[in-house]
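The values are calculated or read from the model by the stated rules, or taken from the named source; none is laboratory data. Remember, it's a predicted structure, so these values are computed and weren't measured experimentally. Counting neighbours? That spans all protein chains shown, and the Cβs are built from the backbone with ideal geometry, glycine included. These accessible areas exclude ligands, DNA and RNA; they are computed on the full protein's heavy atoms, side chains included. Shrake-Rupley method; radii C 1.70, N 1.55, O 1.52, S 1.80 Å.
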Amino acid sequence: RLDSHNFKHQEPTIEFDIEDVCAGQLFNGTMRVIGAGGSSLNTPPLDAVIAIDTSGSMGGTKCTQAKNAATSFVEKMAAEAPSTSMAGIVPWASIAHTPLNLTNPPNDTSVLDFIEMMPCGSGGTNLDNGLLGAIKVHNDSSRPDIEEPTKAIIFLTDGGGTYTYCADPTSPAAQA
């Protein structure tokens, strides 16, 4: 967890691993986060869309794990992110299913209800449609009343796509 009020005195780091499923390579690294200075920094609101693979291979335990991860993220976001932060859900398999558009988790339990009721275990794995569905939720949201939010997509899947062709460099999944 990064606390913005500590940025002035320390340099938090984030370690990450990225797997390129097309090339079969694993990349890892460390990113330093350095504050812009001043005695306090305001944390902008977060608009997070969680795109959850609900394909046939995600049935059973994998579905439960994905739902638990999404629920944990939303609960933590509701407790720690700025109060104007929002979350949305995009279930996807062969197609992106009807999403739950951005809503405010601290004041609205529909995000957690949507995750709990979401079925899994049917269809193929179309990474492009999952990613495009999440991008659409962000693009369809309008928040003129507040500071520009930080936009994030959390993409939960168990592996490579059955419809996405990695050889196509123009596909959204290949460019992500």
Among the listed residues N104, N139, which satisfies the condition of being touching a Ser or Thr at 6+ places or on another chain (Cβ under 9 Å) and at pLDDT 80 or above? N104
Looking at A93, is it at pLDDT 90 or above and touching a Gly at 6+ places or on another chain (Cβ under 6 Å)? yes
Looking only at residues that are in contact (Cβ under 8 Å) with a residue 40 or more places away in the chain and of a type in the set (D, E, K, R) in region 48-94, which one is nearest to L112 (Cα to Cα)? K67
Among (1) open to solvent by less than 30 Å² (accessible area, probe 1.4 Å); (2) farther than 12 Å from V49 by Cα, V90 falls short only on (2)
Residues being farther than 15 Å from K151 by Cβ, touching an Asp or Glu at 6+ places or on another chain (Cβ under 9 Å) and part of a loop (DSSP other than H, G, I, E, B) - total across region 70-98: 1
Please go through region 101-122 and give me each residue that is among the hydrophobic types (A, V, I, L, M, F, W, C) and either assigned to a loop (DSSP other than H, G, I, E, B) or within 13 Å of the chain's Cα centre (by Cα) (or both), ordered by number. L102, M118, C120
